[in-house]
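This report concerns only the one structure given below.
Every number in this text was worked out from the coordinates using simple rules, so none of it is lab data. No experiment lies behind these values; they were computed from the predicted model shown. Note that each Cβ is placed from the backbone with ideal geometry, even for glycine, and that neighbours are counted across all protein chains shown.
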Amino acid sequence: MKTSSIIILVIIAAAIGGLLMYSVDFSTYDTIGSAKQKQGQYVHLIAKLDKSKPIQYDALKDPNYLTFYAVDSLGNSTQVIYRNTKPPELEQSERVVLKGKMEGNVFECKDILLKCPSKYKDDKKQLEKTVTQY
Amino acid sequence: MTFENEHLLPGQVGHFFVLLAFVASIISVIAYFTASKIRSENEKQSWIRFARAAFFIETFSLLAVFATIFYICSNHYYEYLYVYKHASRELEPKYLLACIWEGQEGSFLLWALWHCGLGSVLIFTAKKREAAVMTIINVAQFFLILMLLGLYFFNVRIGSSPFILTRNELVGPIFSQPDYLSYIKDGIGLNPLLRNYWMVIHPPILFLGFASTAVPIAFAYSSLITKDWGGWVKAALPWALFSGCVLGTGIMMGGKWAYESLSFGGYWAWDPVENAALVPWLILVAGLHCMVIFNSTKNALRASYLFIILTYLFILYSTFLTRTGILGDTSVHSFTEAGTAMNVLIGIYVIAISLPVFYLFFRHYKSIPSIQKEEDMSSREFWMFIGALILFLSALFVISITSLPVYNKVFGTNLADPQDREFSYNKVLVLVAVIVGLLTGISQFLKYRNTNKKYLIKKLAFPLVISLAGSVLLAIFYPIDYVKKGPGFLVAIHLALFASIFSVITNAFYLKSVLKWNLKAGGAAIAHLGFALMITGMLISAGNRKVISDNSKTGLFIPFDKDPTGRATEDPMENLTLLKEVPTRMGKYTVTYMNDSASNEKDRTFYNLRFQKIDSVTGKVEEDFVLSPDAYRMKDNNLTSNPGTKHYLTHDIFTYISTISIPKEEADTSTFKLHELNIGDSVFYSKGFYVLNNILKNPDNEKFHFSPNDTALVADITVYGQNGMSYKASPALLIHNQEIKLLTDTVISQNLYFNFSGIASNKKFKISSKETDNLSDFITLKAYYFPYINLVWLGLVIMSCGFVVSLVNRVKAPRKWAYLTIGLVLAFLFYMFILANA
């Protein structure tokens with residue numbers, strides 16, 4: 001590998017490096033409080049479903065509209081709107097990762113990742129609960 | 001206390017064989033290592049014989065462990081935690097193997113078993129390199145078996161045994177009773193997401209790919225300790241080809257699986273788990289090209305070392321990412337947290353082999369020969385090397401984004417995925433596709449050392465014109481419709497499309513004009529053709545994928561008006577609700593949710609959807625098919641759905657269920673109203689009227705099959721709705737064993753229930769009907785149109801066959817065997833990828 005190849009190499013590496021810098025606008029994990037400060041900015045909320053407030057979803061009226069309330073570990077709460085179907089395990093979830101933007105007092109959610117106890121076989125507490133149920 | 005009905009013997013036998021395999025792997029490592037250091041030929045041979053014996057004992061033991069796990073799983077011995085977690089009685093026998101490798105322990109065992117298989121081949125083929133090569137294989141074995149050990153050292157459990165007992169692991173009141181097993185009715189079973197035949201075939205192939213990457217690095221190691229620079233390349237090349245073929249196929253099997261059975265709407269989502277397997281493959285392919293360059297020109301030896309070592313490092317790094325639970329927040333399908341001790345163990349394994357080999361490589365870096373003379377710009381090796389570098393850099397790009405959770409752990413940051421994860425990969429890799437497409441096309445006609453420019457232009461002119469014309473025609477008549485990322489990206493897609501079409505045509509042209517269809521020498525051209533075809537398929541299928549269940553186009557539902565943000569949504573409304581028996585328009589199709597059918601598996605239901613495409617002018621039915629996507633509904637309302645797909649040669653219609661109706665528990669408040677009717681009488685209801693056409697005695701038709709002992713009267717009713725539709729209903733009155741039964745019938749779309757309640761004294765028939773507002777039968781689904789997806793699978797099959805052709809050519813296999821191997825691989829892959837689901 002000599003001069004010419006090295007030159008091409010460097011150009012390519014620089015180009016890809018530049019693209020990388022330019023292209024990846026990482027998002028952040030936020031609390032509801034800090035997300036409210038970042039209006040309109042795409043963030044990841046780590047929160048829990050607020051079980052004291054109703055979940056509104058009616059597939060007959062509009063299958064692409066779900067709204068519920070989420071609370072985070074600091075006790076802040078927000079309404080969440082998710083324009084998609086209701087994830088079936090939402091009520092059972094222990095923790096949710098909500099991806100989207102804060103718009104005023106409402107969180108416009110684009111994607112929901114659920115942490116559900118039923119899916120995790122390696123959780124001993126959960127296994128102890130289920131072992132007698134079957 | 002003694003416990004009843006436990007079967008402890010298989011566990012003890014299994015655990016004994018784990019220990020035996022572990023000890024044998026240590027002995028084998030030591031013996032092989034000693035043999036590799038000894039010069040005296042006689043002594044060396046005796047150490048090798050000893051090491052081989054240990055290796056075969058290890059192999060036998062691991063087979064015994066596997067057989068034992070299979071035995072306890074197939075007998076449902078829930079006293080073993082592994083069986084309880086992964087097996088269940090209702091699981092079909094074909095999934096028994098799958099539940100063995102669903103867990104960490106089973107998948108490590110599978111990996112170790114493949115090392116045994118590869119090692120057995122190496123013993124007979126590696127010749128003078130056997131001792132060094134097998135040292136590496138056995139070190140890998142040592143670590144994998146360590147993960148299965150489950151022994152305590154200083155109160156820390158090392159590894160996790162598949163034979164631990166449920167009662168020792170879990171705490172619960174039942175375990176204090178001798179008959180606790182009678183309380184454990186059934187195991188948890190295989191996760192419904194994994195109940196698919198791909199779960200039976202994909203992990204073994206992928207783990208064979210993983211295991212096989214240990215072989216090239218083992219050969220590199222053998223050359224570094226004997227200072228026989230370069231000699232290893234020829235011996236390792238067939239193994240690298242094997243690895244590239246198997247790993248590549250394994251990855252795309254994962255893609256095919258995701259497409260066939262998971263509901264994230266495609267075959268690739270840039271999920272960290274997928275990336276973690278793709279990255280080593282890219283580096284391996286880069287290394288493979290450097291090795292080929294070295295074979296022909298003696299260039300690129302140092303790069304070959306580097307890439308082969310990095311391949312193995314990244315295989316283990318990907319294991320680390322997927323198995324330590326670090327991806328928990330970013331991936332939909334990684335393993336979960338396995339405990340700190342296990343994580344540390346996996347962490348050590350990641351660097352245990354690659355780091356020492358790296359050390360040897362850098363120590364001898366200066367002595368590894370490299371050619372000082374600059375390559376000619378018109379030489380094949382120069383451009384091949386550039387191609388390898390591009391692959392390597394794209395691998396680094398992919399892994400650097402995928403490793404985000406690792407940065408967060410190390411630096412305490414809280415960075416998360418970018419807003420559009422797929423696009424942040426796509427926009428870089430679409431440019432890689434352009435370069436790789438052009439390189440794989442042009443470099444076929446380049447010659448090693450230098451190429452006559454006139455020859456090159458003459459040869460390339462024809463394919464270039466054809467592919468230019470082809471892609472321009474494509475852009476005019478079948479343009480890529482992916483506008484949401486702006487015109488720049490659209491142009492990039494078209495460029496990439498041109499480059500990959502160019503590569504397909506150039507490689508085909510090369511096979512014809514240079515090789516004269518001598519396919520035996522054309523492995524590389526075949527593999528490149530396949531790869532380019534796969535990329536073409538990916539560009540078209542992803543670029544022109546359409547959501548056809550789009551509400552905003554069908555106009556069926558008006559969104560809630562109580563949107564508190566008070567603004568129009570730009571989100572597509574991609575899910576469509578179908579009421580039972582109500583035809584609904586979706587794209588070009590009219591879709592009717594007809595009925596459900598239960599499966600023989602617990603909690604699984606198929607939803608039968610009839611798709612009809614009717615010509616609006618002639619009214620002729622052009623397409624008519626039934627799709628049956630299905631879903632598992634668990635008792636906690638957990639829904640896992642599997643898509644239903646209609647495969648055409650040029651496109652797929654892909655649907656999956658996103659919501660189902662849950663039958664309401666509360667009582668229906670509406671009541672039946674009784675009508676006394678003569679035949680021909682009609683009754684009005686809120687949305688139309690119905691007519692009693694006839695009363696049939698013991699009819700035998702598609703709905704009713706009465707036995708001769710029964711007496712049945714069936715009312716034939718036609719319902720005429722205001723919407724102009726008419727429906728049939730046939731409630732029945734059945735006398736069976738001197739008991740009267742009323743068989744209710746429903747017209748769901750009109751919310752009508754009918755009963756045939758008897759015969760009135762005045763020879764009239766008592767028909768009762770009710771209208772209910774408790775509408776409960778509906779499903780919500782999402783449907784996609786995937787064009788030319790078959791190009792992806794066909795491309796992959798061709799690419800894999802190209803690898804195999806190269807492989808059998810390199811090992812100089814006898815003609816008969818070569819044809820047989822290629823034929824079998826072709827048939828297997830063609831069946832798996834293209835026929836099996838059609």
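Neighbour counting of Cβ atoms within 10 Å sorts the residues B:834, B:100, fewest neighbours leading, into B:834, B:100. Candidates B:514, A:87, B:474 compared by Cα position along the dipole of the protein assembly as shown: farthest toward the positive end lies B:514, with charges placed on Cβ.
Our helix-only sum for chain B, with -39,500 (n - 2.57) per DSSP H run of n ≥ 4 divided by its residues, gives a mean residue ellipticity at 222 nm of -17000 deg cm²/dmol. If R0 is taken as 51 Å, the Cβ-Cβ distance between residue B:227 and residue B:473 corresponds to a FRET efficiency of 0.35. So, R0 is 22 Å and r is the distance between the beta-carbons of residue B:697 and residue B:728; what FRET efficiency does that work out to, to 0.05? The calculated FRET efficiency here is 0.75. Protection proxy ranking of B:645-655, B:821-831, B:472-482, B:292-302, by the mean of other Cβ atoms within 10 Å over each peptide's residues and highest first, is B:292-302, B:645-655, B:821-831, B:472-482.
Note on the protein assembly as shown: with charges restricted to the Cβ of Lys and Arg (+1) and Asp and Glu (-1), its dipole about the Cα centre is near 4040 debye.
Relative to the longest principal axis of the Cα atoms of chain B, the long axis of helix B:231-261 lies at roughly 10 degrees. Within the stretch B:497-550, the chymotrypsin sites (Phe, Trp or Tyr not before Pro) that combine a DSSP coil assignment with at most 12 other C-beta atoms in a 10 angstrom radius are B:517. Within the same chain, lysines fewer than 8 places from residue B:37 are excluded, and of the rest, those with a Cα less than 19 Å from its Cα are B:127, B:128, B:227.
Decide, for chain B, between rounded, prolate and oblate: order the square roots of the alpha carbon gyration tensor eigenvalues as a ≥ b ≥ c, take rounded if a/c falls under 1.5, and otherwise choose prolate if a/b is larger than b/c, else oblate. It is oblate, given that a/c is not under 1.5 and a/b is not larger than b/c.
Give me the net charge of residue B:804's neighbourhood, meaning all other residues with Cβ under 12 Å from the Cβ of residue B:804; Lys, Arg count +1, Asp, Glu -1. Local charge sum for residue B:804: +2.
In chain B, taking the dipole from charged Cβ atoms about the Cα centre, the farthest positive-side position among B:391, B:236, B:103 is held by B:236.
With Cα atoms as the point set, the radius of gyration and Dmax of the protein assembly as shown evaluate to 32.1, 113 Å. Note on the stretch B:166-265: Cα Rg divided by 2.2 N^0.38 Å, N the number of residues, gives 1.79.
Put simply, the convex hull of the Cα atoms in the stretch B:340-395 casts, on average, a shadow of 6.0 nm². For chain B, a crude dipole built from +1 on the beta carbon of Lys and Arg and -1 on the beta carbon of Asp and Glu, taken about the Cα centre, is about 4060 debye to the nearest 20. Given R0 = 41 Å, the distance between the Cβ atoms of residue B:359 and residue A:111 translates into a calculated FRET efficiency of 0.40. Ordering of B:378-390, B:276-288, A:64-76 by packing is B:276-288, B:378-390, A:64-76, highest average first (other Cβ atoms within 10 Å, averaged per residue).
A dipole drawn for the protein assembly as shown from +1 and -1 charges on Cβ atoms has a positive end, and of B:1, B:599, B:75 the residue lying farthest that way is B:75. Relative to the longest principal axis of the Cα atoms of chain B, helix B:301-323 runs at roughly 40 degrees.
Counting only residues at least eight positions apart within a chain, or on another chain, the lysines with an alpha carbon under 22 Å from that of residue B:728 are B:580, B:673, B:687, B:697, B:703, B:741, B:764, B:766, B:770. Per residue of A:62-72, other chain Cβ atoms within 10 Å of the residue Cβ number 5 on average.
Legend: mean number of C-beta atoms from other chains within 10 angstrom of residue C-beta atoms, peptide A:91-104, equals 2. Rounded to whole Hz and in sequence order, give me ³J(HN,Hα) for the stretch B:454-471 from the Karplus expression 6.51 cos²θ - 1.76 cosθ + 1.60, θ = phi - 60°, writing x for Gly and Pro. 3J(HN,Hα) across the stretch B:454-471, in whole Hz: 5, 4, 4, 5, 4, 6, 8, 4, 5, x, 5, 4, 4, 6, 4, 4, x, 6. Restricting the stretch B:145-184 to chymotrypsin sites (Phe, Trp or Tyr not before Pro) that sit in a DSSP loop and have at most 10 other Cβ atoms within 10 Å of their own Cβ leaves B:154.
Here the protein assembly as shown carries DSSP beta bridges of which approximately 95% are antiparallel, counting only pairs with both residues inside. For the stretch B:148-204, the calculated P(r) over all alpha carbon pairs, in 5 Å bins from 0 to the bin holding the longest distance, is 4, 13, 14, 15, 15, 19, 12, 6, 1 percent.
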